[in-house]
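Right, one structure below, let's go through it.
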C-alpha cells in the first residue's frame, strides 16, 4: 500500500512597507513624487493624507521640480529659492500639540530664515526657524508661542542646517517645556534659553509656509522632498518608525 503524505507549507507574508499613513493623527503628508510640475515648475503639491492640504507657490514663479536629486538618494525634490518666496498651503490647518517632520537640504544658512512656519500674523505661531545670531555661530532652531507670547528656543552651536545632503528635522511639541524638542537625523538638540512657562495646548488655525515665515519675510533657499504633520506629539516608538522610514527612503545614515 502506498501512502502519500501531504506536506503543508507556510508562506511567510511580509508586512507592508511603512508609510506615514500608518500612524494615527496624520494631518498633512506631502511627498515629492506627487508634485504637479509642468515644465518642471511646481504648480501644485497634493496632500497624500487625504485632508486636501495641498501646497501652492507663493510667487507666480514656482519652485523648480527636480525629477532625480542626488541629495535625496536619487528621488525627486523641490528646489525653493528666494525668488519663489516659498510655498504655502491653499487652506488653513488647525492643530495644537503636534509633530512636524521634514526632509530638507539647505546649502547655505541665511542670516534669518524659517524652514517651516504655521503663522497667522498674530501672537500665536509655531515655526522651525534658524537665524544666525550676532556672533555667527549659534542658531535658533525652533520656537513655539501662545497667546501670552511665551517662547521656546532650542539652540545648537553650529550652522546645523547647512549641508550638501538632506536632513530629517523633527519638531515635537506637547504643550510643555520639558516635553518639547527639536531633532536632527534622530538626535535631540539641547535646549538653551527661552521658554520660562509652558506654552499650553491652545490650537492655531493658519496656513503653513515652507522656506519663509509668511511668504515675504525670513526667506530661505533650500530643497524639500517630504513633509509629515501629526495632530499630537508622537510617542517614542512611533517617532522612531517615522524617522527610520525617512532615513531609509533618502539614504540618511
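What follows is calculated from the coordinates using simple rules that are stated; it is not laboratory data. The shown structure was predicted, so the numbers you read here are calculated from the model rather than taken from an experiment. Note: ideal-geometry Cβ built from the backbone for every residue, glycine included; neighbour counts use all protein chains shown.
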I need the calculated FRET efficiency for the pair residue 202 and residue 236, taking r as the beta carbon distance and R₀ as 25 Å, to the nearest 0.05. 0.50
So residue 68 and residue 22, fully extended at 0.36 nm per residue minus their Cα-Cα distance, gain in nm 13.9 nm
For residue 34 and residue 82, what does the FRET efficiency come to when R0 = 35 Å and r is the distance between their Cβ atoms, rounded to the nearest 0.05? 0.90
